[in-house]
Amino acid sequence: MVAGTRAATRTLTTTEAAVLALLALEGERSGYDLLKHVGTAIGYIWAPARSQLYALLPRLVKDGLAHGRTVVQSDRPDKTLYRISKDGRRALDSWLETVDPSNRDAFHLRLFVGKLTTHDVLIRHVEAYRARMAEWLEELRAVDRTNSRQGADYYHYFLLRYGLQHAELQLEWADWVLRSLRRKGA
């Protein structure tokens, strides 16, 4: 098996996908540039530790998912610039198309970098997420029917109520996203 083929077909971690998505969106960047971008945009969805990002970039190069090149600087230490490779883009595309409604962070990241895929793919993600939220709401409603609001149940209800309202809001939000994507895609 060719190393590039293995790299393009393996499943990415959320952190690997986030870094590759940043490289796909922003083009060639240093680790420092990527960290700055994390702080101003994608960091609201995904934020690695500085050491995690710096350790990941050479590994992506080793795995054939990115390319790195050293830039010699006279007034400061040399730096390495990274860009996504063709295998990296194939692996990222595969990750973007994989629907996993149980991983909320990955779902949010996929939606955040939605420019890298199609509206049809995003609609599949949101529909699956919405279905998971509807199941969760039904589970919570079943618990609500058994909660006596007495004794320990009195205190449990605080969080049950939070969960019910949160699930209802998530469904409302998912419906809005779906309407928006379908309207824009039409």
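The values are calculated or read from the model by the stated rules, or taken from the named source; none is laboratory data. What you see is a predicted model, and the numbers here were worked out from it, not measured in a lab. Don't worry about glycine lacking a Cβ; one is built from the backbone with ideal geometry, like all the others, and counts go over all protein chains shown.
When Arg83 is tested against (1) farther than 27 Å from Val121 by Cα; (2) in a strand (DSSP E or B), just one condition goes unmet, and that condition is (1).
Restricted to region 35-68, and to residues there that are at pLDDT 95 or above and exposed (fewer than 13 other Cβ atoms within 10 Å of the Cβ), the residue that is nearest to Leu109 (Cα to Cα) is Arg59.
Kindly indicate the residue of region 85-122 that is of a type in the set (Ser, Thr, Tyr) and under 23 Å from Ala66 (Cβ atoms) and also farthest from the chain's Cα centre (by Cα) among those meeting that condition.
Here is the first cut: in region 85-122, the ones of a type in the set (Ser, Thr, Tyr) are 85, 94, 98, 102, 117-118.
Next, only the ones that are under 23 Å from Ala66 (Cβ atoms) stay: 85, 94, 98, 117.
Numbers: Ser85: 20, Ser94: 13, Thr98: 11, Thr117: 13 Å.
Only one residue fits best here, namely Ser85.
For residues that are among the aromatic types (Phe, Trp, Tyr) and surrounded by 11 or more Cβ atoms within 10 Å (Cβ to Cβ), scanning just region 151-186, find the one that is nearest to the chain's Cα centre (by Cα). By that ranking, first place goes to Trp173. On inspection, Ser74 qualifies as surrounded by fewer than 18 Cβ atoms within 10 Å (Cβ to Cβ), closer than 27 Å to Leu35 by Cα and either small (Gly, Ala, Ser) or at pLDDT below 95 (or both). Of the residues Ala134, Ala106, the single one that is in contact with an Asp or Glu (Cβ under 8 Å, 6 or more places away or on another chain) and small (Gly, Ala, Ser) is Ala106.
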